[in-house]
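As structure tokens, the structure follows; a few thoughts come after it.
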Amino acid sequence: IAFEELMIFSLNFNRGPAPQFASVPAAADRDELTLEAPASVQAGQPFSVLLNLKAAGDLHGISAQLGWDAAVAQPLSVETGALADAQDGMVLSGNPGKVDAAVMGADRPGLSGDGVLATVHFRASAAGNPTIRIASLEARDRANRKVELSAGGPGTALPTAFAPVSPNPFEGDAM
């Protein structure tokens, strides 16, 4: 299915009530998608490209089309990353190098935190630089409106963050 259909399906998907105190990763300070890809590959060898997402909680769906040097690399498959998996996300690929991800259910919070959204597996058809890049990028919120999502440079180490305690047993306590 195409990204538009995935968004309509995800927004109308009814999983039942969400757990009241479900664990959600701490929101990032901005929405950004970056790639971790090798600069050089050897002919015949498989390699993977990580799509790392920093999400502030407003993203309900993302569509990314990767670009690459077709003389050097061929896309094989797409795998759901831990960030999407932990937040009731679904990752699909309708075309080679295409990654469509959405949170299932309009009652669910949007994607939040830092982590791997998806992994795209390739096979090197020749030695060299596969020049993997984000060719196009689109993001939507819970109301299916477009959200600004930047495509950053090469990925860097991800920081660890903790969300505030909820519910806070000491909130409102007079000592």
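The values are calculated or read from the model by the stated rules, or taken from the named source; none is laboratory data. Treat the numbers as computed from the prediction; the structure is a model and nothing was measured. Because the Cβ atoms are built from the backbone with ideal geometry, glycine has one as well, and the counts that use them run over all protein chains shown. Accessible surface is based on the protein model in full, side chains and every heavy atom, while ligands, DNA and RNA are left aside. Shrake-Rupley method; radii C 1.70, N 1.55, O 1.52, S 1.80 Å.
Please enumerate the residues belonging to the stretch 105-126 that are acidic (Asp, Glu) and in contact with a helix residue (DSSP H, G or I) (Cβ under 9 Å, 6 or more places away or on another chain).
Within the stretch 105-126, Asp114 is the sole residue that qualifies.
Report every pair of residues separated by at least 6 positions or lying on different chains whose Cβ atoms are under 9 Å apart, first residue within the stretch 129-153 and free of Cβ contacts under 8 Å to residues at least 12 places away in the same chain, second among the small types (Gly, Ala, Ser).
Listed by first residue and then by second, the contacts come to Ala143/Ala106; Lys146/Ala139.
Val49 - would you say it is in a strand (DSSP E or B), over 24 Å from Asn144 (Cβ atoms) and not hydroxyl-bearing (Ser, Thr, Tyr)?
In short, yes.
Check whether at least one residue in the stretch 57-70 is among the β-branched types (Val, Ile, Thr) and either more than 19 Å from Phe3 (Cα to Cα) or not in a strand (DSSP E or B) (or both), and report yes or no.
No, the stretch 57-70 contains no residue that is among the β-branched types (Val, Ile, Thr) and either more than 19 Å from Phe3 (Cα to Cα) or not in a strand (DSSP E or B) (or both).
Restricting to the stretch 63-100, and then to whatever is open to solvent by 60 Å² or more (accessible area, probe 1.4 Å) and among the small types (Gly, Ala, Ser), can you tell me which residue is modelled with the lowest pLDDT?
The qualifying residue modelled with the lowest pLDDT is Ala86.
When you scan the stretch 152-167, do you find a residue that is in a strand (DSSP E or B), in contact with a helix residue (DSSP H, G or I) (Cβ under 8 Å, 6 or more places away or on another chain), modelled with pLDDT under 95 and open to solvent by 50 Å² or more (accessible area, probe 1.4 Å), even just one?
No: zero hits.
Of the residues Val116, Val120, which single one is closer than 24 Å to Ala2 by Cβ, open to solvent by 10 Å² or more (accessible area, probe 1.4 Å) and part of a strand (DSSP E or B)?
Going through Val116, Val120 in turn, the sole match is Val116.
Looking only at the stretch 95-104, count how many residues are assigned to a loop (DSSP other than H, G, I, E, B) and either charged (D, E, K, R) or touching a helix residue (DSSP H, G or I) at 6+ places or on another chain (Cβ under 7 Å) (or both).
1
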